[in-house]
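The values are calculated or read from the model by the stated rules, or taken from the named source; none is laboratory data. In this text the structure is predicted, and so the values were computed from the model without any measurement. For neighbour counting, all protein chains shown are included, and Cβ atoms are generated from backbone atoms with ideal geometry for every residue, glycine included. Each accessible area value is taken on the protein alone, full model and side chains, heavy atoms only, with ligands, DNA and RNA left out. Shrake-Rupley method; radii C 1.70, N 1.55, O 1.52, S 1.80 Å.
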Amino acid sequence: TNVFGDKIHLKSGEVMEGKVLEEDPDPMASFGYSMYSLAEGNVYIWNNHSMQQIPKADIVRVEKQIRPPEGVALLAKPDQWGNEKYGYQTQLIATSKEFVIGKPMTFSLVMRNVSNVLKMYDHQAISHNSLLIKDPDGEEVYYKAGSFQTVGGGQPIDAGETVTLIENRDITQDYVIADPGTYTIRFREGGYGMSRDDTFPASNVLTFEVRPGERIKHDVL
């Protein structure tokens, strides 16, 4: 069962575990090309990566259970969120204590639902050049990782909930950061999955200082 699911009380006396979704989660549902197409008067109950439809009139009440922030989401600062769009806000967090050429430089990305309804999000392709990094000259740094196929699916994010999209990602694995100096980084706005709510807004902009790496000493024969 979905540990963080709401308790949904029905007229029959049954109590279900899950999340109530009142809209089609798939953008193609309204065109009849998807299995996700709500019958009139129905809602979806999302539970353990599966969905079922029930009449909304059968629901007596819903006891909301919001997943509390955990992990890097606890590091999010109230004044560091990007602008709201599509009911979302994103925040980029620096998780390295220092930035040195030749060493890992890690960042995390969290997102919160600032709407008043449950939304479904899909971030399977979020590693595809989703960060805009500029070097000390203001030029965009080279993205070296290329593209690759991804597989994923929708996940629920409740009103007021915060989730982690990227955790401790070493940007030097995907981007060329070869010179010391002052850099800026932000998460790009874009669509990163296949669900209706997979378009996330740009994050805050962070500035970080990259120091030269230590010189390697060679023994002279």
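Determine the alpha carbon to alpha carbon distance for each of K85/K119; K85/K144; K56/K119 and list only those over 20 Å. Each step should come with its number before you reach the end.
Numbers: K85/K119 13 Å; K85/K144 29 Å; K56/K119 17 Å.
Cα-Cα > 20 Å for K85/K144; rest within.
Counting Lys and Arg as +1 and Asp and Glu as -1 over every other residue whose Cβ lies under 12 Å from the Cβ of N48, the net charge comes to 0. For T106, neighbours were defined as the other residues whose beta-carbon sits under 13 Å from its Cβ, and their charges (Lys and Arg +1, Asp and Glu -1) total -1. Candidate values (1) 32, 25, 18; (2) 42, 18, 15; (3) 41, 22, 16 were compared with semi-axes √(5λ) of the Cα gyration tensor in Å computed on the shown model; the agreeing label is (2).
Just the number please: accessible area per residue for the chain, 1.4 Å probe, all protein chains included, in Å². Write out the running numbers ahead of the final one.
Values: 12660 Å² over 221 residues.
Counting only protein heavy atoms, the per-residue value for the chain is 57 Å².
As a fraction of the 1.4 Å probe accessible area of the chain, surface on carbon and sulfur atoms comes out at 49 percent.
Based on the alpha-carbon gyration tensor of segment 87-167 and its eigenvalue square roots a ≥ b ≥ c, which shape applies: rounded if a/c is under 1.5, prolate if not and a/b is larger than b/c, or oblate? Since a/c reaches 1.5 and a/b is larger than b/c, the shape of segment 87-167 is classed as prolate.
The DSSP beta bridges internal to the chain are antiparallel in roughly 95% of cases.
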